[in-house]
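No value in this document is a laboratory result; all are computed from the given coordinates. A quick note: this is a predicted structure, and the numbers were derived from the prediction, not measured. Cβ coordinates were reconstructed from backbone atoms using ideal geometry, including for glycine residues, and neighbour counts include every protein chain displayed.
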Amino acid sequence: MALFNKSKSYQALQTHYSEVESLHMRDLFAQDPERFNKFSAKACDIELDYSKNRITEQTMVKLFDLAREAQVEAKRDGMFAGDRINTSEDRAVLHTALRNLSGEPVMVEGQDVMPEVKATLAKIKSFVNEIHDGTRKGYTGKAFTDVLAIGIGGSFLGPKVMTEALKPYRQAGIKVHFVANVDGAHIHDVLATLPAESTLVVMSSKSFGTQETLKNTETAREWFLQSGGKFDDIAKHFVCVSSNIAKATEFGIAEDNIFPMWDWVGGRYSLWSAIGLPIALSLGFDNFEELLSGAYEMDVHFKTAPLEENLPAILGLLGVWYINFFGAQSHVLLPYDHYLRAFPAYVQQLDMESNGKSATPSGEYLDYETGPVIWGGEGTNGQHAFHQLIHQGKVLIPADFMLPLHSQHEVSNHHAMLASNCFGQTQALMQGKTEDEVRAELLAKGVSEEAIAKEIPQRVFEGNKPSNTLLFSKLTPKTLGNLIALYEHKVFVQGIVWGINSFDQWGVELGKVLGNDVLAKLEDSSIALDGDSSTNALIEKFRNR
Ligand SMILES: O=P(O)(O)OC[C@H]1O[C@H](O)[C@H](O)[C@@H](O)[C@@H]1O
């Protein structure tokens, strides 16, 4: 198959780009009162308004052609069917099997994985229920009050961000705390607040080989033993989630305390597996199941809706439009929902680790851009901080605004104010403020012509800044499942269009290897410093601190 930028549909889009580049959305809205209806779509609980994009109907036709030429539909079906699309690791990619509520089997190498998936869910359910009803107790006979969840990357962000997003659904009587960073300050601060006799430690590591997680677990184990726990009590207080059962048992985790996962679940796609145990512990198993069912709903939509109505396809293709034709290098996520404030951090790993690639699986280097920098933060806070650059900076930053129509807490008219800011920002980004408008405003204030001439360039908003708005009724576990799966599949669509493997992460490896080499040098000053002068000097400084 031709590389993305050699394909026919890419060439067609390039010609089209030169025709539409100079169009202003302000005019497109003025010319067509139907614009919102033409460029909005709904799936599950999510309504997407993509009318404030620099597109015409022809743009979308051509973008869907691009997706079809890249065989997005066939490849999507291949992913759901268990094809080994993670070629560099020779693995299937089946996070969708973890929330497959269809009752249909999912085959990997001729074996249905669903019985194992269901058995693990049943194990999570009974474990969580026993913790919540106090059947499982700590070593002094007290019911568990706290959970220390240790993990990093995909074994941290999903559980952390989801439990934060669903705070109103948390179970009373149990608090989940997360530790990821190997910086001792993190675990120090968290352990200082925990009662060892009623703390359950959940260690999550798919590989059971991640330095930070192993170290933090060792530190937690020492703390447990120093706080009154005996060696034999460890089995009551420490459980782990891993696909590496051998290493976990070698580390001393009782086999019964291991919740399995599988190599066909990528780390950044793993919150649906037993990696989600801290979510179930925090919110209760029923809410965890709701999260899974929301993702399943979005899977069904992604699998069955024509591309023209397919939310992940639309979002993915709009991203491609800006990255590869307008030269956008970043994409900002703006949840207008306090509980979703960490959502950009979650999508950052999902998107940047998946699509931060520069070669095809068959070994060709790419001469076009792939995944953007993902960043963002909660509205309205960002309006008083970084929105300035989106409005008037020299770079184009497409934005996704997100807003629940109903707040979890309807306090006074806060929610209307929040919504007004969200909608107002999308409007300002789209329409901008013209020279004439600035002039009239300044004239009315009695400003001189000479001063106006200087002021205009500073006060004009070019506008024409693209944004999507995603509305949903309320941030429930199910809706959050919709939303996460939507972004997972968006990333998938883009990966297919760019012809890359979205499911490996070799770029992470080099840093790990060099990090271990440096650690040995920091801890043993007899090891010769044979690196570059900068790294040698940094090591020297640390040795001599
Ligand atoms: O779950 P683990 O095997 O400990 O991996 C934790 C994380 O570390 C790695 O470095 C990867 O970049 C992530 O994709 C992964 O989620």
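Starting with the highest mean, order 443-456, 5-18, 368-381 by the number of other Cβ atoms within 10 Å, averaged over the residues of each peptide.
Values: 443-456: 10.9, 5-18: 15.3, 368-381: 18.9.
Ranking the peptides 443-456, 5-18, 368-381 by packing returns 368-381, 5-18, 443-456.
So how strong a dipole does the chain carry about its Cα centre when Lys and Arg Cβ are +1 and Asp and Glu Cβ are -1, to the nearest 20 debye? Walk me through the numbers before you get to the answer.
On the way: 50 positive and 69 negative charges, 148 e Å.
Dipole magnitude for the chain comes out near 720 debye.
If you take the charge dipole of the chain about its Cα centre, with +1 on Lys and Arg Cβ and -1 on Asp and Glu Cβ, which of Q505, W264, P398 is farthest toward its positive end?
It is P398.
Output wanted: per-residue J couplings in Hz (rounded whole) for segment 165-178, from phi through Karplus 6.51 cos²θ - 1.76 cosθ + 1.60, θ = phi - 60°, x for Gly and Pro.
Along segment 165-178, the couplings run 5, 10, 3, x, 9, 5, 6, 6, x, 9, 10, 9, 10, 10 Hz.
What's the center-to-center distance, using Cα atoms, between segment 458-522 and segment 50-126 in Å?
Segment 458-522 and segment 50-126 have Cα centres separated by 17 Å.
Could you tell me whether segment 117-231 comes out rounded, prolate or oblate from its Cα gyration tensor? Rule is a ≥ b ≥ c as square roots of the eigenvalues, rounded for a/c under 1.5, then prolate if a/b exceeds b/c, otherwise oblate. Mind dumping the intermediate values first?
On the way: a/c = 1.42, a/b = 1.07, b/c = 1.32.
It is rounded, given that a/c, with a ≥ b ≥ c, falls under 1.5.
In segment 107-285, if the dipole is taken from +1 on Lys/Arg beta carbons and -1 on Asp/Glu beta carbons about the Cα centre, which of A235, F127, A246 is farthest to the positive end?
F127
May I ask you to derive the relative contact order of the chain, considering only C-alpha pairs under 8 Å and at least 6 residues apart, and to give it as an integer percent?
Working: 884 pairs, mean separation 104.4, N = 545.
Once normalised by length, the contact order is 19 percent.
For the chain, what proportion of DSSP beta bridges, expressed in % and rounded to the nearest 5, is antiparallel? Walk me through the numbers on the way to the answer.
Numbers: 13 of 44 bridges.
Of all bridge pairs located within the chain, approximately 30 percent are antiparallel.
Could you state the principal axis extents of the C-alpha atoms in segment 429-472, from the largest down, to the nearest angstrom?
Largest first, segment 429-472 extends 47, 16, 12 Å along its Cα principal axes.
Which residues' amide hydrogens lie under 5 Å from the amide hydrogen of A149, considering only partners 5 or more residues apart or on another chain, with H built in the peptide plane?
Correct list: H177, F178, V179, V202.
Say each of K137 and S420 gets a label point 7 Å from the Cα, pointing the same way as Cα to Cβ; how far apart are those two points in nm?
Result for the modelled spin labels: 5.6 nm.
How far is it, in nm, from the label point at E455 to the one at R545 when both lie 7 Å from their Cα along the line to the Cβ?
Between E455 and R545, the simple spin-label model gives 5.3 nm.
Say each of D263 and Q71 gets a label point 7 Å from the Cα, pointing the same way as Cα to Cβ; how far apart are those two points in nm?
Label-label distance for D263 and Q71, simple model: 2.4 nm.
So between E255 and S358, what do we pick up on full extension, going 0.36 nm a residue minus the alpha carbon distance? Mind showing how you got there, number by number?
Details: separation 103, 0.36 × 103 = 37.08 nm, distance 4.05 nm.
Once the chain is fully extended between E255 and S358, it gains 33.0 nm.
Can you tell me, using C-alpha contacts under 8 Å and at least 6 residues apart, the relative contact order of segment 107-285 as a whole percent? Please list the in-between numbers first.
Working: 292 pairs, mean separation 54.0, N = 179.
It comes to 30 percent, rounded to a whole number.
Rank by packing, highest mean first: peptides 315-326, 69-80, with packing defined as the count of other Cβ atoms within 10 Å averaged across residues.
Details: 315-326: 22.3, 69-80: 17.8.
With the highest mean Cβ count within 10 Å placed first, the list reads 315-326, 69-80.
Length gain on complete extension for the stretch D517 to L538, per 0.36 nm per residue less the alpha carbon to alpha carbon distance?
6.2 nm
Which residues' amide hydrogens lie under 5 Å from the amide hydrogen of A43, considering only partners 5 or more residues apart or on another chain, with H built in the peptide plane?
L48
List the residues, sorted by chain then number, that are 5 or more residues from V108 or on another chain and whose placed amide H is less than 5 Å from its amide H.
Excluding prolines and chain starts, which carry no amide H, the hits are V113.
Report for segment 107-285 the percent antiparallel among DSSP-assigned beta bridges with both residues inside it, nearest 5. Present the calculation step by step, with values, prior to reporting the outcome.
Values: 3 of 20 bridges.
Taking every DSSP beta bridge with both residues in segment 107-285, the antiparallel ones total about 15 percent.
Say R0 is 41 Å: what FRET efficiency, to the nearest 0.05, do E309 and D436 get from their beta-carbon distance? Walk me through the intermediate numbers first.
Working: r = 39 Å, r/R0 = 0.96.
Taking R0 as 41 Å, the efficiency between E309 and D436 is 0.55.
Round to the nearest 0.05 the FRET efficiency obtained for A385 and Q111 when R0 = 45 Å and r is the Cβ-Cβ distance. Each step should come with its number before you reach the end.
Details: r = 51 Å, r/R0 = 1.14.
For A385 and Q111, the calculated efficiency is 0.30.
Helix-only mean residue ellipticity at 222 nm, the chain, DSSP H runs n ≥ 4 weighted -39,500 (n - 2.57), per residue, nearest 500. What is it?
Working: 22 runs with 252 residues, N = 545.
Mean residue ellipticity, 222 nm, calculated: -14000 deg cm²/dmol.
Where does each of 512-524, 330-342, 287-299, 149-161 land if you order them by average Cβ count within 10 Å, highest first? Can you show the working numbers first?
Values: 512-524: 12.2, 330-342: 21.7, 287-299: 23.4, 149-161: 25.5.
Ranking the peptides 512-524, 330-342, 287-299, 149-161 by packing returns 149-161, 287-299, 330-342, 512-524.
In segment 69-177, if the dipole is taken from +1 on Lys/Arg beta carbons and -1 on Asp/Glu beta carbons about the Cα centre, which of F156, S102, Q71 is farthest to the positive end?
F156
Just need the relative contact order of segment 253-327 here, percent rounded to a whole number, with Cα pairs under 8 Å and 6+ apart.
Details: 21 pairs, mean separation 10.0, N = 75.
It comes to 13 percent, rounded to a whole number.
Suppose R0 equals 51 Å. What FRET efficiency, 1/(1 + (r/R0)^6) with r the Cβ-Cβ distance, do Q31 and D286 give to the nearest 0.05? Before the final figure, lay out each step's value.
Values: r = 50 Å, r/R0 = 0.97.
The computed FRET efficiency comes out at 0.55.
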